[in-house]
Amino acid sequence: MFSNTSEIIEILGTIAFAISGTFSAMQRKLDVFGVLIIAFVTSVGGGTIRDMLIGDTPVAWMRDVQVCLVILVTSIAAIIFKTYIRKLKVTLFLFDSLGLGLFTVVGLQKGINFELNPGICIALGTITGCFGGIIRDILLNTIPLIFRREIYATVCIFGGAIYLLLLHFRVNTDISKFIVIAIIVATRIIVVQKQLSFPRMRY
């Protein structure tokens, strides 16, 4: 069904962010249509911006209807089985962290495939990982996580730098991807548990 590891990672990231978006929308008591829209923009928002920036159009989800179907099925399943999930806030956090790690790697690899500067590759990974959540939070009238005290984008940048470093030392690409995904997810969990953050700017 999938031709390579990158496709598997992208599908898993899509599922993770679809669940994250669905739970966020349900917490705000949106109707079913609203929930599906939030799930969709959370899943494809970052990738859409990334593809537009590098001129890879039509953007990925327009070329592959499977992405839309995965989001639809995942969101409906999350709605149906929501009663079996007791700790909604924890679940939202875990799926958001997983999506962050998965999509950061997807964005990084796309930048590498386009033979872009390493710094730009890291930026694309960060955009892919973060901007779906930013759009989600804006639509839900919430200050995006990336702009609050919680360290969010920095985790993507950190993971992206490690990924490029691993490739530089010729570590297997697939192994590097899974190492970096694990690092991003684990780092975000530790950062939140330890309540680490940058200082707030005051005026």
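The values are calculated or read from the model by the stated rules, or taken from the named source; none is laboratory data. The model shown is predicted, which means the values in this text are computed figures rather than measured ones. FYI the Cβ positions are ideal-geometry reconstructions off the backbone, even for glycines, and counts take in every protein chain you see. What goes into the accessible areas is simple: the full protein's heavy atoms, side chains included, and nothing from ligands, DNA or RNA. Shrake-Rupley method; radii C 1.70, N 1.55, O 1.52, S 1.80 Å.
Some values worked out for this structure:
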quantity	calculated
Test result for Cys130, out of contact with any strand residue (DSSP E or B) (no Cβ under 8 Å at 6 or more places or on another chain), buried (at least 21 other Cβ atoms within 10 Å of the Cβ), in contact (Cβ under 8 Å) with a residue 40 or more places away in the chain and within 18 Å of Ser24 (Cβ to Cβ)	yes
Criterion violated by Ser20 - all others in (1) closer than 15 Å to Ile135 by Cα; (2) modelled with pLDDT of 90 or more; (3) of a type in the set (S, T, N, Q) satisfied	(2)
Condition broken by Ala77, with the remaining ones in (1) in contact with a helix residue (DSSP H, G or I) (Cβ under 8 Å, 6 or more places away or on another chain); (2) open to solvent by less than 60 Å² (accessible area, probe 1.4 Å); (3) part of a helix (DSSP H, G or I); (4) over 24 Å from Val180 (Cα atoms) satisfied	(1)
Residues of the stretch 171-203 satisfying the condition of being assigned to a loop (DSSP other than H, G, I, E, B) and over 15 Å from Gln109 (Cα atoms)	Lys194, Gln195, Leu196, Phe198, Pro199, Arg200, Met201, Arg202, Tyr203
Top-ranked residue in the stretch 144-203 [being of a type in the set (D, E, K, R) and either open to solvent by 90 Å² or more (accessible area, probe 1.4 Å) or in contact with a Leu (Cβ under 8 Å, 6 or more places away or on another chain) (or both); ranked as modelled with the highest pLDDT]	Arg170
Residue match in the stretch 116-127 (condition: modelled with pLDDT of 95 or more and hydroxyl-bearing (Ser, Thr, Tyr))	yes
Qualifying residue in the stretch 110-118 (condition: among the charged types (D, E, K, R), within 13 Å of the chain's Cα centre (by Cα) and surrounded by 18 or more Cβ atoms within 10 Å (Cβ to Cβ))	no
Which numbered condition Lys29 fails, given (1) under 18 Å from Gly125 (Cα atoms); (2) not in a helix (DSSP H, G or I)	(1)
Selection count where residues are free of Cβ contacts under 8 Å to residues at least 40 places away in the same chain, closer than 23 Å to Ile9 by Cβ and open to solvent by 10 Å² or more (accessible area, probe 1.4 Å), scope the stretch 19-46	1
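Conditions tested, residue by residue: (1) open to solvent by less than 70 Å² (accessible area, probe 1.4 Å); (2) touching a residue at least 40 places away in the same chain (Cβ under 8 Å); (3) not charged (D, E, K, R).
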{"residue": "Thr48", "(1), (2), (3)": "yes, no, yes"}
{"residue": "Met62", "(1), (2), (3)": "no, no, yes"}
{"residue": "Asp96", "(1), (2), (3)": "yes, yes, no"}
{"residue": "Leu100", "(1), (2), (3)": "yes, yes, yes"}
{"residue": "Val106", "(1), (2), (3)": "yes, yes, yes"}
